[in-house]
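Read the structure below first, then the notes.
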Amino acid sequence: MPEGWVHATIDLIVYGRPYFDIHKNKDEAFLRLGKAHRKIKHEWYQAFGKKWTFDDPFPDFLKGLISEIRGACGSDKAEKQMVYWDHDYFDRIWKNLSEKQRKYCKGAFAWIINNPMFLKNWAGVDVLEGKIKRVIDGQEVWEICPELKSEYHRLHCYVKTVIEYDKDLQDMLKCN
Ligand SMILES: [Zn+2]
């Protein structure tokens, strides 16, 4: 399975927030159950081939559900629900990657976490100032998100430790 920090990096890029705890919570059964942990809290993963495919990972009914959640509980709750489901989508993708491909993915994500200016210019996430670029009514706005700085700091420290224990990642990151 992709490690929590890999999921968190994807969400930092996509949503501007890492949602590290949502991913840790979803995979908490891993220590007890190993590969079978996806029987718990991975409903969308289990629904692969029945409710969704790689051609249509987020079908209209799911988007409808997200809109309903947004209407009833607000956009923060709706975004967290999207995080909960996209975790399973990426778990499925990860399953099909070779060890080497996984390593390269991790190398790229670790590099991104170590390069805040790239995150700002490419992903529209200013982790140092705590701002997320959004388009509201056709206008680009840098929305202030006070939690972002500490969330990034936590993820950055975590990834630093991951790199310290992974010789391959160290080698990949040396050439920058
Ligand atoms: Zn998972």
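A few points about this structure:
- Residue in segment 61-68 that is outside any loop (DSSP other than H, G, I, E, B), within 30 Å of P116 (Cβ to Cβ) and either under 20 Å from the mean Cα position of the chain (by Cα) or not charged (D, E, K, R) (or both) present: yes
- Against the list (1) of a type in the set (V, I, T); (2) within 12 Å of the ligand (Cβ to nearest atom); (3) at pLDDT 95 or above, the condition I69 fails is (2).
- For segment 80-99, the criterion of being over 27 Å from L173 (Cα atoms), more than 16 Å from the ligand (Cβ to nearest atom) and touching a helix residue (DSSP H, G or I) at 6+ places or on another chain (Cβ under 8 Å) is met by none of the residues.
- Close pairs from segment 38-59: first within 14 Å of the ligand (Cβ to nearest atom), partner part of a loop (DSSP other than H, G, I, E, B) and among the small types (G, A, S), Cβ under 6 Å, at least 6 apart: I40/A29
- Residue that is farthest from I22 (Cα to Cα) [pool: residues in segment 61-94 that are of a type in the set (S, T, N, Q) and either touching a Leu at 6+ places or on another chain (Cβ under 7 Å) or surrounded by fewer than 16 Cβ atoms within 10 Å (Cβ to Cβ) (or both)]: S67
- Test for H7: is it within 11 Å of the ligand (Cβ to nearest atom), part of a helix (DSSP H, G or I) and under 8 Å from the mean Cα position of the chain (by Cα): yes
- Filter pass, G107 being part of a helix (DSSP H, G or I) and either surrounded by fewer than 16 Cβ atoms within 10 Å (Cβ to Cβ) or of a type in the set (D, E, K, R) (or both): no
- Output for segment 130-159, where each listed residue is modelled with pLDDT of 95 or more, aliphatic (A, V, I, L, M) and in a strand (DSSP E or B): I132, V141, I144
- Of the residues making up segment 130-144, none is small (G, A, S), in contact (Cβ under 8 Å) with a residue 24 or more places away in the chain and out of contact with any Ser or Thr (no Cβ under 7 Å at 6 or more places or on another chain).
- Filter result for V14 (part of a helix (DSSP H, G or I), in contact (Cβ under 8 Å) with a residue 40 or more places away in the chain and closer than 22 Å to S75 by Cα): yes
The values are calculated or read from the model by the stated rules, or taken from the named source; none is laboratory data. Predicted model, so just to flag it, every value in this text is computed and none were measured. FYI the Cβ positions are ideal-geometry reconstructions off the backbone, even for glycines, and counts take in every protein chain you see.
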